[in-house]
1. Which values of log₁₀ I(q)/I(0), to two decimal places, follow from the Debye formula for the stretch 75-124 at q = 0.17, 0.29, 0.31, 0.32 Å⁻¹ with a uniform point scatterer at every Cα?
2. Whole-Hz Karplus ³J(HN,Hα) for the stretch 62-77, in order, using 6.51 cos²θ - 1.76 cosθ + 1.60 and θ = phi - 60°, x for Gly and Pro?
3. Going from most exposed to least, what order do 272, 12 have by accessible area with a 1.4 Å probe?
4. When all protein chains stay in place, what accessible area (Å², nearest 10, 1.4 Å probe) is found for residue 57?
5. Can you give the FRET efficiency for residue 269 and residue 195, using 1/(1 + (r/R0)^6), R0 = 35 Å, r = Cβ-Cβ distance, to the nearest 0.05?
6. Would you mind getting the accessible area per residue of the stretch 114-241, heavy atoms of the protein chains only, 1.4 Å probe, in Å²?
7. Write down the radius of gyration of the stretch 121-167 and its Dmax, each obtained from C-alpha positions, in Å.
8. Translational diffusion coefficient of the stretch 41-164 at 20 °C, 1.002 mPa s, Stokes-Einstein with Kirkwood Rh over Cα pairs, in µm²/s as a whole number.
Amino acid sequence: MDGTIIDIRRFTLHDGPGLRSTLFLKGCGLRCAWCQNPEGLEAALGLWYLAKQCIRCGVCEASCPVDAISLHTDRDPFVRIDRELCTRCGACVAACPTTALSFDGSRVSAEEAAATLLRDVEFYRQSGGGITISGGDPLVQHEFAREVLGICRKAGVHTAIETGLSGSWEILEAFLPLTDLFIVDLKIAHSALHVQYTGRANELVLDNYARLARAGVELLTRVPLIPGITATEANLRAMARVIRDNHPGGRVELVNFNPLAVNKYSLMNRSTELFNGMAPLPEGEIEAFRALFEAEGLEVVREHARADGGGR
C-alpha cells in the first residue's frame with residue numbers, strides 16, 4: 001500500500017525512548033491554530049513556492065498543462081499558484097531549475113517506508129529505541145500506518161505512534177496490537193475553546209483517551225504550551241485533572257512553544273498573525289505549570305522545546 005508522507009527523520013531523540021527514526025505522515029483530523037507541521041494538515045501533496053530560490057525564468061508557467069501558474073513582475077510573490085486549478089501533476093516541479101517549486105511530501109509504499117526506518121535497527125537495539133509514526137496524525141492514513149508498524153514489529157523493533165486522537169475508536173483500537181507506546185497530544189480541556197482553536201470539539205478525543213488508558217497500553221501524554229491558548233493556569237489545571245481521572249499517576253510531557261514553524265506559514269502563503277508576540281515560556285513559568293500536574297499525582301517526565309517546533 002502507498003501512503004503520503006512529509007518526511008522520514010532518522011536519529012531523533014524526542015519521539016519516544018532511545019534513538020529512533022520518525023515517519024511523518026500527511027493528514028490530520030484537527031486544525032490547530034498553532035500547528036507546527038502545517039504541511040501535514042492535508043493528506044494530499046501540496047505545492048510550495050520558495051521565492052528566495054526563484055530566478056524568475058518563467059519555465060514553470062510554460063510547463064503547467066492547466067494554466068494554474070501565473071507570473072507577476074509588479075508585486076510579490078512573482079509566482080502565483082491557482083490551488084483550484086492545480087492538479088499536482090509535478091510538471092512545474094520537474095521543470096524548475098532551482099527547486100523553487102517543490103512538493104511538501106512524497107508518495108511511498110509501506111515497504112519502502114519500513115525499509116528506511118529499519119536501516120538503523122542495530123542502533124535501536126543498543127539504545128532501547130525504535131520507530132515512531134507521527135504526522136499529521138497516523139489515524140488519517142491508518143491502513144498505511146498499520147502496515148508499516150506491522151513490518152517493523154516483525155523485525156523486532158519497538159514501535160510508537162503520536163496522535164491527537166481525532167478518529168474513531170475502531171480505527172484507534174486496531175493500532176493496539178501493533179504499537180508499544182502511544183504518545184497522545186491533549187491540548188484544551190474546555191470543549192468550546194477546543195472548537196475555537198482546533199476546529200473540532202474534544203468529546204471524541206477525551207473518550208478515546210479514556211478508552212486507551214483503560215486498555216492498559218503504555219501511554220505518554222503530551223501537552224503543548226502555546227502562550228495564551230493552552231498555556232493558561234485554568235486550562236492546564238483542568239487538563240491535569242482530566243489526565244489524573246483517566247490515567248492516574250501517568251507520565252506527562254509539557255512541550256514548550258517554539259516559533260520555528262512561522263517560516264513554514266510564510267512559505268505556504270498563510271497568515272502568521274497568531275504568532276505575533278509569541279515566545280517560548282520562561283523556565284519559571286514552566287516550573288509552575290509542572291507543579292500543577294505533580295499536585296495531581298502525575299509524573300512530569302521532561303520539558304523541552306522540540307526541534308520540529310513543539311506542539312502539533
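The values are calculated or read from the model by the stated rules, or taken from the named source; none is laboratory data. Predicted model, so just to flag it, every value in this text is computed and none were measured. Glycine also receives a Cβ, built like all others from the backbone with ideal geometry; neighbour counts cover every protein chain displayed. We work out accessible area using only protein heavy atoms, side chains counted, and drop any ligands, DNA or RNA first. Shrake-Rupley method; radii C 1.70, N 1.55, O 1.52, S 1.80 Å.
1. -0.72, -1.17, -1.21, -1.23
2. My calculation for the stretch 62-77 gives 5, 7, 6, x, 10, 6, 8, 10, 10, 10, 9, 7, 8, 7, 8, x Hz in order.
3. The most accessible residue leads, giving 272, 12.
4. 70 Å²
5. Working: r = 26 Å, r/R0 = 0.73.
Approximately 0.85, to the nearest 0.05.
6. Numbers: 4660 Å² over 128 residues.
Value returned for the stretch 114-241: 36 Å² of accessible area per residue.
7. 11.4, 34
8. Details: Rh = 17.1 Å.
Translational diffusion coefficient: 125 µm²/s.
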